[in-house]
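Each remark here refers to the structure printed beneath this line.
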Amino acid sequence: GEESLTQLNLKNSGKFPIPLLSGNVFKKVYDGKKESKLWKEWRDAMKQRYESQIAEIRTNPVTETHPLSKSGYFTNSPTFSPDGEYVYYIEIGPHDTSALVQLRLSDGNITRLTEVTSLGDISLAPDGKTIYFAQTDYYRAFSAFSDLYALDVKKRKVRRLTKGIRAFDPAISPDGKTLVFTTTAEGNMNLMRMDLESEEITPLLETSDHT
């Protein structure tokens, strides 16, 4: 449990930072049990837990699935259009640079909308016309920071929304007027809000405890 993990951390932090010279804090915290014994107990507990879950799942009907994309590599952040006609996602293939793509569900046709250097979440405007995403680009010649961008789906034009603020994981509000996203600075993550009309950024939640 968490109490034992806390004690393990506290006791270990006061030891010499070399395992052979630090003593076995696991035995002191976990009633004389070594790491190998704890690992076996954890493994057996997980096996029993998951076998029970599998047995319960098998009592219910199974929904058949089928693949939508066939690149054979990586696809991330699928987002469906409001009319259900398309799904947008980031695709990393074997021969092309990563891209934000549009897949038409009726016939499987795939269109590369723009090349991106992003693996995070994307967000589609309620009217389906704009996709918001974050990607890494150079800032002041030498730094590589993540910033927010907007893609006009029809015109396939990309507009940069921020510069050098380490922003990622944008999420559009239901009315399409506000963008909420995360930033990171000096190890602290903050939740920010952008008014899309004025592009003014204000904090929703600022942290100072490395949350």
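Computed over region 102-211, the quotient of the alpha carbon radius of gyration and 2.2 N^0.38 Å is 1.13.
Relative to the longest principal axis of the Cα atoms of the chain, the long axis of helix 2-13 lies at roughly 80 degrees. Under the criterion of Cα pairs below 8 Å and six or more residues apart, the relative contact order for the chain equals 9 percent. For the residues LYS129, LYS34, LYS70, a GNM of the chain with alpha-carbon springs under 10 Å puts the largest fluctuation on LYS34. The charge dipole of region 48-130, taken about its Cα centre with unit charges on the Cβ of Lys, Arg, Asp and Glu (plus for the first two, minus for the last two), comes to roughly 120 debye. Listed by chain and number, the lysines whose alpha-carbon sits under 22 Å from that of LYS40, ignoring those within fewer than 8 places in the same chain, are LYS27, LYS28. Computed from the C-beta positions of LYS129 and ALA55 and an R0 of 41 Å, the FRET efficiency is 0.30 to the nearest 0.05.
Springs between Cα atoms under 10 Å define the GNM used for the chain, and in it the highest mean-square fluctuation of ARG166, ARG49, ARG156 occurs at ARG49. Charging the Cβ of each Asp and Glu at -1 and of each Lys and Arg at +1, and nothing else, the dipole of region 93-192 about its Cα centre rounds to 420 debye. The tail of the calculated P(r) for region 68-127 beyond 16 Å holds 38 percent of all Cα-Cα pairs.
When the Kirkwood radius is taken over all Cα pairs of the chain, what Stokes-Einstein diffusion coefficient follows at 4 °C and 1.567 mPa s, in µm²/s?
Here the translational diffusion coefficient equals 60 µm²/s.
Across GLU35, GLU199, GLU186, mean-square fluctuation computed from a Gaussian network of the chain (C-alpha pairs under 10 Å connected) peaks at GLU35. With both labels modelled 7 Å from their Cα along Cα-to-Cβ, the ASP195 to LYS40 distance reads 6.5 nm. Charges were assigned to the Cβ only: +1 to each Lys and Arg, -1 to each Asp and Glu. The resulting dipole of the chain about its Cα centre is roughly 860 debye.
Each Cα pair under 8 Å and six or more residues apart adds its separation to the average, and for region 89-189 the resulting relative contact order is 18 percent.
Roughly to the nearest percent, how much of the accessible area of the chain is carbon and sulfur, given a 1.4 Å probe? Display every interim value, and only then the final one.
Numbers: 7690 of 14850 Å².
In the chain, the share of accessible area belonging to carbon and sulfur is 52 percent.
In this structure, ASN12 and ALA185 have a Cβ-Cβ separation that, at R0 = 30 Å, corresponds to a calculated FRET efficiency of about 0.55. Using the 1.4 Å probe convention, the accessible area of the chain works out to 70 Å² per residue with neighbouring protein chains retained. Gyration tensor analysis over the Cα atoms of region 34-106 returns equivalent ellipsoid semi-axes of 38, 21, 10 Å (largest first, whole Å). Model label points for GLU206 and GLU85, set 7 angstrom from Cα along the Cα-to-Cβ axis, are 4.4 nm apart.
The values are calculated or read from the model by the stated rules, or taken from the named source; none is laboratory data. All values derive from a computational prediction rather than experimental measurement. Note that each Cβ is placed from the backbone with ideal geometry, even for glycine, and that neighbours are counted across all protein chains shown. Just the protein is used for accessible areas: all its heavy atoms, side chains included, with ligands, DNA and RNA removed. Shrake-Rupley method; radii C 1.70, N 1.55, O 1.52, S 1.80 Å.
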